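What follows is a short report on a single structure.
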Amino acid sequence: MFGDKKNKLKDSERSLISETVSIEGTINSSGAIDIAGLVKGPVISKQIIVRETGSITGSIEGDHVEIHGHMDGKISGGDVVIGSAGTVKGDIEFSNNLKTENGADIDGYIKKTNVAKSKLSADFLFSKSKDKEEKKHKENGGSEANLNKDSEVLA
């Protein structure tokens, strides 16, 4: 399932990190993520919802971001909502809309940008591993002239 390229992820798929789960590391998703547990590390997804019991220490990047729990880090998104129970300790950068409900607690700078800086693309799950292969190739004495982002590394 996870390594099978035949099973394409659908944008409508939704993942849940429940209250009993704690994750340390980078989370990437082409769908939506609901976080009710604890996450230490960056989260990149089209839609991210941090529930009241959820907590993230790290950056968030997505088209739609909702914080109803605790966030400690930078938020970059198109549409950002900070709920009444939401606490954000970090900067917020948004390109479309920012909504803060009564009771929202924000300790950081807020900036509206002109262009959405989404790292999401149809094949973003595989692009990061390609970049790592390029770096390994360069470190092992490979020529920079023979390798670019569109090149395939053949062994």
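Every number here is computed from the coordinates shown, using simple stated rules; none is lab data. These numbers come from a predicted model, not from an experiment. Reconstructed Cβ throughout: ideal geometry from the backbone, glycine too, with neighbour counts over all protein chains shown.
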Contact list please: Cβ distance under 6 Å, first residue in region 67-94 and farther than 14 Å from Ile49 by Cα, second residue crowded, with 22+ Cβ neighbours inside 10 Å and among the small types (Gly, Ala, Ser), pairs at least six apart or on different chains. Glu93/Ser76; Phe94/Gly77
Go through Asn96, Asn102 for me and flag whichever is surrounded by fewer than 18 Cβ atoms within 10 Å (Cβ to Cβ), part of a loop (DSSP other than H, G, I, E, B) and polar (S, T, N, Q). Asn102
Scan region 26-38 and report the pairs whose first residue is more than 16 Å from Gly77 (Cα to Cα) and whose second residue is assigned to a loop (DSSP other than H, G, I, E, B) and among the charged types (D, E, K, R), with Cβ atoms within less than 7 Å and a gap of 6+ or a chain change. Ile35/Arg51; Ala36/Glu19; Ala36/Arg51; Gly37/Glu19
If a residue must be surrounded by fewer than 17 Cβ atoms within 10 Å (Cβ to Cβ) and within 14 Å of Met71 (Cα to Cα), how many such residues does region 11-41 contain? 2
Residue under evaluation Thr113, criteria (1) free of Cβ contacts under 8 Å to residues at least 40 places away in the same chain; (2) out of contact with any Phe, Trp or Tyr (no Cβ under 8 Å at 6 or more places or on another chain), criterion not met: (2)
